[in-house]
1. In a shell of Cβ-Cβ distance under 14 Å around residue 14, excluding residue 14 itself, what net charge do Lys and Arg (+1) and Asp and Glu (-1) give?
2. Answer rounded, prolate or oblate for the range 183-239, using the Cα gyration tensor with square roots of eigenvalues a ≥ b ≥ c: rounded when a/c is under 1.5, else prolate when a/b is larger than b/c, else oblate.
3. How large is the convex hull of the Cα atoms of the range 1-116 per residue, expressed in Å³ as a whole number?
4. Enumerate the amide H contacts of residue 144 below 5 Å, restricted to partners 5 or more residues apart or on another chain; note that Pro and chain-start residues carry no placed amide H.
5. Over the chain, what is the relative contact order in whole percent, taking alpha-carbon pairs under 8 Å and six or more residues apart?
6. D for the range 62-197, whole µm²/s, Stokes-Einstein with Kirkwood Rh over alpha-carbon pairs at 4 °C and 1.567 mPa s: what number?
7. May I ask you to list the aspartates and glutamates whose Cα is less than 14 Å away from that of residue 190, ignoring any residue fewer than eight positions away on the same chain?
8. Using a Gaussian network model of the chain whose springs link C-alpha atoms within less than 10 Å, name the residue from 27, 228, 43 with the highest mean-square fluctuation.
Amino acid sequence: MIELIQLDEVDSTNSYIKRHIAELSDGCAVTARLQTAGRGRHGHDWAADGGMLPLSILLADPPERDCLTARAGIAVCEVIERLCGVRASIKWPNDIIIGSHKVCGILCECMVFGDGARVIVGIGVNVSQDAAFFERAGLPHAASLLMAAGSAPSRDELASSIAENVIKRAAMTFSECYDEYRARLVNIGKTVKIISPDGETTATAIDIAENGFLVCRGENGVFTVGSGEVSVRGENGYI
Ligand code: BTN
């Protein structure tokens, strides 16, 4: 049984865990009715109203933590599928999508202590916002489960099921999850734009490496990219 701390309002559930790390047990999860200053990857804000479910899970020394977001992504897809009855896929490295819309993002943050590392797996699920919310936020590629799957599951059930499944997948190695991850990726075989602080490159995504890096073929040959370095977009849009 997961220890689920349910807050009314918080700046960021990831930041809450960081502030309270000394009092919190490993394996606990934190959620909130409203998150007011959520953080996304690459230093972006994570826009939300009360229709977004913020969830952060505290893990002690999970194996292969560089590939943890990928395993968490599979865990989220499995729960969405069970509760909403629609296929959920992954846009590399870890955007959870239904059709061509992002319904969930994942931000893992690591804290290293003398006795080992602790990782916060932060998951933002768009549960029940409407199209006007995403329009106002300037997020044309995002949608809620209600919009993309036609139903919004209970927030409590989503939070506890995702937390349980993330803990299960986090205990597995990436090689044990590799086939499942690859099968869910929408990028393989597609032309992608790889955006880094140094500029943009166009290439074809051809595979996933054993360490979770995206394997691409460009005009100068085959190369790999890691998720910390870049964003990947489709040739003409989000996917
Ligand atoms: C992304 O950029 O796609 C990742 C978004 C992660 C958002 C979640 S919401 C819960 C947790 N708390 C945060 O401040 N961020 C993560």
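The values are calculated or read from the model by the stated rules, or taken from the named source; none is laboratory data. Just so we're clear, the structure is a prediction, and the values are computed from it rather than from any experiment. Here the Cβ is made from the backbone with ideal geometry for all residues, glycine too, and neighbour counts use every protein chain on show. Calculation scope for accessible area: heavy atoms of the full protein, side chains included, ligands and nucleic acids excluded. Shrake-Rupley method; radii C 1.70, N 1.55, O 1.52, S 1.80 Å.
1. Numbers: positive: 18, 19, 39, 41, 118; negative: 11, 45, 109.
So the environment of residue 14 carries a net charge of +2.
2. On the way: a/c = 1.27, a/b = 1.12, b/c = 1.13.
In terms of gyration-tensor shape, rounded.
3. On the way: hull volume 14.7 nm³, N = 116.
Hull volume normalised by residue count: 127 Å³.
4. The list, which skips near neighbours in sequence, is empty: none.
5. Numbers: 495 pairs, mean separation 40.9, N = 239.
Answer for the chain is 17 percent.
6. Values: Rh = 15.7 Å.
It comes out at roughly 83 µm²/s.
7. Answer for residue 190, where 14 Å is the Cα cut-off: 207, 235, listed by chain and number.
8. Answer for the Gaussian network model of the chain: 43.
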